[in-house]
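Student: This is the structure, below, for whatever I ask next.
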Amino acid sequence: MAAASHKPLGAITADDLAAAAPGTDAAALHKALRRALDSGAADPAAVWGELCRSLLRPDVPFAVHRMLYYGCFAGFPSPTPPAWTPDPEEAALTNVGRIMEARGRELMGEAYKDPITSFHDFYKFSNENPEAYWKMVFEDMGVEFSVEPSCIWRESDAYPGGEWLPVAELNAAANCLSAKPGRSSKDVAIVWRDEGKDSEPLNFMTLEELRKKSSLVANALDALDLPKGSAIAIDMPMNVNAVVIYLAIVSAGYVVVSIADSFAAPAISTRLKISEAKAIFTQDYILRDDKELPLYSRVVEAKAPMAIVIPVKGSLPIKGLRVNDLSWQDFLGRVNDTKAENYAAVKQPAYAFTNILFSSGTTGEPKAIPWTHITPLKAAADGWCHMDIRKGDVVTWPTNLGWMMGPWLVYASLLNGASMALYNGSPNSSGFAKFVQDAKVTMLGLVPSIARTWKNTDCTAGFDWSNIRCFSSSGEASSVDDYLWLMGRACYKPVIEYCGGTEIGGGFVTGSLLQPQALSAFSTPAMGCNLFILDSSGNPLPQDSVGIGELALDPVLFGASTTLLNADHQEVYFNGMPEWNGKVLRRHGDEFERTTDGYYRAHGRADDTMNLGGIKVSSIEIERICNRVNDGILETAAIGVPPLGGGPEQLTIAVVLKDQSSQVEDLNQLKLAFNAALKKLNPLFKVSSVVVVPLLPRTASNKVMRRVLRKEFSQAAQAKKSKI
């Protein structure tokens, strides 16, 4: 794990510490280090735990944290040393630990020992006995069915993975708006703060207030006389109004169409057309750093259907409304009934659509993925088990309803009786860091690029994050150093890595507070999910064996999609996949490794889809735009290249020129031109580097081998670094 240049812990001197952190009391740090080494800790993980408790406070320079971490695990036999180890007493207080202590022997027999020792047995139990496992989870979460399911799961010719919750009726939003056991309607459901108001008190909305506001919007929706089941889009920042609207649409039996507020007009238009949306909720503009970023005008440019437009600044009139569009005030004014703050949620079959989200496919058109009333239960169950979201917790995750983690945050917090914390502004700021402190956040989710920005700007300095019980990370590959730094901001609380997909409604591989957590690694498959790594012939390796290859999933997966609106679900996820135990495995598309000590590591996409800033996008989509930037370009290849130190993929464009004898005088100008063109696809996409190549490597059938280029570029970067 550690390079030879890292000194073993016992060899680190006071001078080493002084050199790493000038201006600190190196002698005192070294004395504390010697105490930890003399504490009698039996192994490096125990020594590291003692250092985290006694020495490595957030105000100690990160260079010291890094030196001691690598020194502690110098020569460690595993490539994935634990950066955090569970405490038995705390483990027993987690959701899963509490259940295991109460029912461990009943569920797992005499083999049960304790929550930490028996965690893997509990995971196997979730797969081998889904009936008992999911009943137990629903009961603990307080899930209410209007019509109880006849069973949890049964074989079905209609679904490759079988049918979940047959005959059940429920409403996922109604479950969010009802008080969970041990909670009341007066408890806080949402806590928020607007950017620029960081010194002002927090804003709170109780569960009862949320229910009333959502009921008012649901009644106003019914006044529009749209057929039940109609698709209604939301293109807004993730703020309290967006959450109220989201829950109202689902409560009233309509279907949310999730559109990210960063999208340009063409991307908005595509999603509205695919979903056949009948209306859209939006804002006049987005306020960031005192800048007004237009939003309603993009919706108009997309030729959207009827829009309900919310003014950012209170009751100010919206300028330039189209004839059939409504202001927020006029929309709510359609309901004059004194009972408007009450609404009887529509009871629907478990497989009724609730939400349409989008994920880029390799063809360039986004796949339209419907969520049902089952999907939110998967999202919430992951939060219950893996992030240990408990009643009374405060959960935040900078995201948007246009991405999977937006709806996930709504359900994972409210269905578990926790409060959702929303910061209406940039998370890359000291304002957000202060909000985490003031809101007393207990679970902080993020994408790795946010942690890297925090580390580089030190914008979290001076804030108390001690209420955090764990972090969670999703969307892209993380960096060991960035997440070592992140853990140190909260006195070394673990990072639960979380990898899944929109089509799953949650994760398939993640971590747990009942297992040691290694940096940038996954410690367990998600509960109820069997993972398979395929060998070079496309066949599954024996389960729990070491290997690397494309990942496949057991089709019996609670919450997973069963249809796509604009593609053949069977073709996308099942055709051409191998069988296991008589069932065709489900395709995912990521390449994964299972290490010798049982951790999982992600190695990017196995196909030609990249992950840029947590957004999956087709190489073909990017290349189609880049090919038109300059008349001298013959063709391009878009490659996601992981940086040497780990972390999010960086976009590299390989360029083949029409005239091989000509030269590009300024590659930086070409990079700027690519970035300007890509803004129309998504302003978050940025080209990191441009490389001119004589030709693109191709297969015998003329397909571009982007993986070959990715390997070449990664090796070239490594060689360049070695020379420095």
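Student: How large, in percent, is the carbon and sulfur part of the accessible surface of region 79-208 at a probe radius of 1.4 Å?
Tutor: On region 79-208, the fraction of accessible area on carbon and sulfur atoms equals 49 percent.
Student: Here's something else I'd like to know. Once R0 is set to 51 Å, what does the formula 1/(1 + (r/R0)^6) return for the Cβ-Cβ distance between Leu695 and Ala28, expressed as a FRET efficiency to the nearest 0.05?
Tutor: Efficiency for this residue pair is about 0.25.
Student: May I pose another question? What distance in nm separates the simple spin-label points at Trp580 and Ala676, each placed 7 Å from Cα in the Cβ direction?
Tutor: Label at Trp580, label at Ala676, 5.0 nm between them.
Student: Which percent of the accessible area of region 9-76 is formed by carbon and sulfur heavy atoms (probe 1.4 angstrom)?
Tutor: On the way: 1690 of 3150 Å².
Result for region 9-76: 54 percent of the exposed heavy-atom area is carbon or sulfur.
Student: Which of the helices in the chain, when you take each full DSSP H run, stretch at least 18 Å along the axis at their Cα atoms and have an average Kyte-Doolittle score of -0.5 or higher? If you can, show how the numbers build up before the last one.
Tutor: On the way: long enough: 207-222 (22 Å, -0.31); 706-723 (26 Å, -1.39).
For the chain, where a helix must reach 18 Å along its axis and average at least -0.5, the hits are 207-222.
Student: Let me spell out the model: positive unit charges on the Cβ of Lys and Arg, negative unit charges on the Cβ of Asp and Glu, origin at the Cα centre of region 88-145. What dipole size does that give, in debye rounded to 20?
Tutor: So the magnitude is around 100 debye.
Student: Report, for the chain, the % of DSSP beta bridges that are antiparallel, rounded to 5.
Tutor: So the antiparallel bridges amount to about 60 percent of the total.
Student: Let me ask you something else. Quickly work out the Asn324-to-Asp458 label distance, labels modelled 7 Å from Cα along the C-beta direction, and quote it in nm with one decimal.
Tutor: Between Asp458 and Asn324, the label points sit 5.6 nm apart.
Student: In straight Cα distance, which lysines are under 16 Å from Lys278, not counting same-chain residues fewer than 8 positions off?
Tutor: Lys228, Lys303
Student: Please work out the FRET efficiency for the pair Asp121 and Lys197, using the Cβ-Cβ distance as r and a Förster radius of 60 Å; give the result to the nearest 0.05.
Tutor: 0.75
Student: So, in nm, how far is label Gln718 from label Lys273 when the simple model puts each one 7 Å beyond its Cα toward the Cβ?
Tutor: 4.4
Student: Taking a probe of 1.4 Å, how large is the accessible area per residue of the chain, in Å²?
Tutor: Ligands and nucleic acids excluded, the figure is 41 Å² per residue.
Student: How high is the relative contact order of region 163-590, in percent, counting Cα pairs under 8 Å that sit 6 or more residues apart?
Tutor: Once divided by the residue count of region 163-590, the mean separation gives 15 percent.
Student: Ok, one more. Calculated FRET efficiency, Ser688 and Ser156, Cβ-Cβ r, R0 35 Å, to nearest 0.05?
Tutor: 0.15
Student: When the Cα centres of region 509-581 and region 330-346 are compared, how far apart do they sit, in Å?
Tutor: The two parts, judged by their Cα centres, are 44 Å apart.
Student: Shifting gears a bit: Between Gln669 and Ala14, what is 0.36 nm times their sequence separation minus the Cα-Cα distance? Round to one decimal in nm. Walk me through the numbers on the way to the answer.
Tutor: Working: separation 655, 0.36 × 655 = 235.80 nm, distance 4.84 nm.
231.0 nm is the gain from fully extending Gln669 to Ala14.
Student: Continuing with the same structure: Go ahead and estimate [θ] at 222 nm for the chain from helices alone: -39,500 (n - 2.57) per DSSP H run with n ≥ 4, summed, over the residue count, rounded to 500.
Tutor: So the calculated ellipticity at 222 nm is -9500 deg cm²/dmol.
Student: Just need the relative contact order of the chain here, percent rounded to a whole number, with Cα pairs under 8 Å and 6+ apart.
Tutor: On the way: 1464 pairs, mean separation 85.2, N = 724.
Taking the mean separation of contacting Cα pairs over the length of the chain, I get 12 percent.
Student: Find the relative contact order for region 88-145 and round it to a whole percent, using C-alpha pairs within less than 8 Å whose residues are 6+ positions apart.
Tutor: 24
Student: Setting aside same-chain residues fewer than 8 positions from Lys135, which aspartates and glutamates have a Cα under 14 Å from its Cα?
Tutor: Glu144, Glu148
The values are calculated or read from the model by the stated rules, or taken from the named source; none is laboratory data. Only a predicted model underlies this, so the values are computations on that prediction, with no experimental measurement involved. Counting neighbours? That spans all protein chains shown, and the Cβs are built from the backbone with ideal geometry, glycine included. Accessible surface areas use protein heavy atoms only, side chains included; no ligands, DNA or RNA. Shrake-Rupley method; radii C 1.70, N 1.55, O 1.52, S 1.80 Å.
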